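Quick notes on the structure that follows.
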Amino acid sequence: MTEALKRTICEYLGSTDVVRIYAKIYDGNQASMRVLEKTGFCKYGISRKACFKNGRFVDCHCYELLKEDFLAGKVGRCCTLRQLGEADIPDMRLLFLSAVLEVNSRDYTSEEVHDWASCGDSDVRWKELLSDNHYIGAFDTDGHMSGFTSMNREGHLHSMFVHSDCQGRGVATQLLSEAERLAVEYGAEEITCEVSLTARPFFMKRGYKVVKIQKARANRLMLTNFVMTKQLK
């Protein structure tokens, strides 16, 4: 039940602007209270005789969960995050292919996504990216990579990809929260990124603004994307 609740919360927080989730538990329901507490809910009070149940008034235990705490890792998270290195390149390549060919195909032609996907063929390029950027991977409870992103000391976010099987589960939201935390730690005043047609709504919802629309080279082809920024100071 705890794992099911965590996954439900991840999906919900990742797809809405809700900042706090409330829950109320009848007095005496210790099992449900334990599930909430394991998931990260904090009790903020008891409402005396707030509910009528089985012919009598009973107390309700009141809990809350803040989105910022949940996604920042202060409580249970849907994914484990860690820095990526060269040993992770095979998994990064497979996830990149899954995201581009299956997710971005909603907004780009077959020729365009296959050209884009071919950018992941070079180990040398992956090593350069890992050298120039701090890459963060998200992993599920079985240790499988769910997504990855990056940040550098200039505040540039180079990558944001989530596996096609993990869309809508809050993975990108959790990764972006960590990338933004790194940018603040680096002292960046703003974050810049080049965002696909597919990802633009996600970034706009989280405060990023389009600076310009452009054609950027993938491998052979020029694809439409958006230069976006978010002010940190």
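The values are calculated or read from the model by the stated rules, or taken from the named source; none is laboratory data. Just so you know, these numbers come straight off a predicted model, no measurement behind them. Cβ coordinates were reconstructed from backbone atoms using ideal geometry, including for glycine residues, and neighbour counts include every protein chain displayed. Remember, those area values only see protein heavy atoms, side chains included, never the ligands or the DNA or RNA. Shrake-Rupley method; radii C 1.70, N 1.55, O 1.52, S 1.80 Å.
Structural remarks
- Residue check for PHE96: touching a Leu at 6+ places or on another chain (Cβ under 7 Å), aromatic (Phe, Trp, Tyr) and within 22 Å of PHE139 (Cβ to Cβ): no
- Single residue of the range 159-173 satisfying the filter (in a loop (DSSP other than H, G, I, E, B) and surrounded by 21 or more Cβ atoms within 10 Å (Cβ to Cβ)) that is modelled with the highest pLDDT: HIS163
- Looking only at the range 27-46, residues that are under 18 Å from MET1 (Cβ atoms), open to solvent by 90 Å² or more (accessible area, probe 1.4 Å) and not charged (D, E, K, R) come to 1 in all.
- Inter-residue pairs, beta-carbon under 6 Å, first at negative phi and in the range 180-195, second part of a helix (DSSP H, G or I), 6+ apart: ILE191/ALA183; VAL195/PHE203
- Selection over the range 1-11 of residues that are under 23 Å from ARG206 (Cα atoms) and free of Cβ contacts under 8 Å to residues at least 60 places away in the same chain gives a count of 1.
- Test set (1) without any contact (Cβ under 8 Å) to a residue 40 or more places away in the chain; (2) open to solvent by 30 Å² or more (accessible area, probe 1.4 Å) - HIS61 fails condition number: (2)
- Subset of the range 220-233 that is closer than 20 Å to ARG106 by Cβ and more than 24 Å from the chain's Cα centre (by Cα) - its residue that is surrounded by the fewest Cβ atoms within 10 Å (Cβ to Cβ): MET222
- Test result for PHE96, surrounded by 15 or more Cβ atoms within 10 Å (Cβ to Cβ), over 15 Å from the mean Cα position of the chain (by Cα), of a type in the set (Phe, Trp, Tyr) and under 19 Å from CYS166 (Cα atoms): yes
- Test result for ALA87, modelled with pLDDT of 95 or more, open to solvent by 50 Å² or more (accessible area, probe 1.4 Å) and not polar (S, T, N, Q): yes
- Residue pairs whose Cβ atoms lie under 7 Å apart, sitting 6 or more positions apart in sequence or on different chains, and linking a residue in the range 18-33 that is more than 19 Å from PHE57 (Cβ to Cβ) to a partner that is assigned to a loop (DSSP other than H, G, I, E, B) and at pLDDT below 90, are ALA23/PHE41.
- Residue-level check: of (1) touching a residue at least 40 places away in the same chain (Cβ under 8 Å); (2) closer than 24 Å to GLY85 by Cβ; (3) open to solvent by 50 Å² or more (accessible area, probe 1.4 Å), GLU102 misses just (2).
Residue-by-condition table, conditions (1) modelled with pLDDT under 95; (2) under 21 Å from LEU81 (Cβ atoms); (3) not hydroxyl-bearing (Ser, Thr, Tyr):
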{"position": "LEU175", "(1), (2), (3)": "yes, yes, yes"}
{"position": "ALA179", "(1), (2), (3)": "yes, yes, yes"}
{"position": "VAL184", "(1), (2), (3)": "yes, yes, yes"}
{"position": "GLU190", "(1), (2), (3)": "no, no, yes"}
{"position": "GLU194", "(1), (2), (3)": "no, no, yes"}
{"position": "THR198", "(1), (2), (3)": "no, no, no"}
{"position": "GLN214", "(1), (2), (3)": "no, no, yes"}
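- Among (1) in a loop (DSSP other than H, G, I, E, B); (2) open to solvent by less than 20 Å² (accessible area, probe 1.4 Å) - the single one THR198 does not satisfy: (2)
- Filter result for GLU128 (open to solvent by 80 Å² or more (accessible area, probe 1.4 Å), out of contact with any strand residue (DSSP E or B) (no Cβ under 8 Å at 6 or more places or on another chain), part of a helix (DSSP H, G or I) and in contact (Cβ under 8 Å) with a residue 12 or more places away in the chain): no
- Scanning the range 139-158 for residues that are out of contact with any His (no Cβ under 9 Å at 6 or more places or on another chain), in contact (Cβ under 8 Å) with a residue 60 or more places away in the chain and open to solvent by less than 10 Å² (accessible area, probe 1.4 Å) yields PHE148, GLY155.
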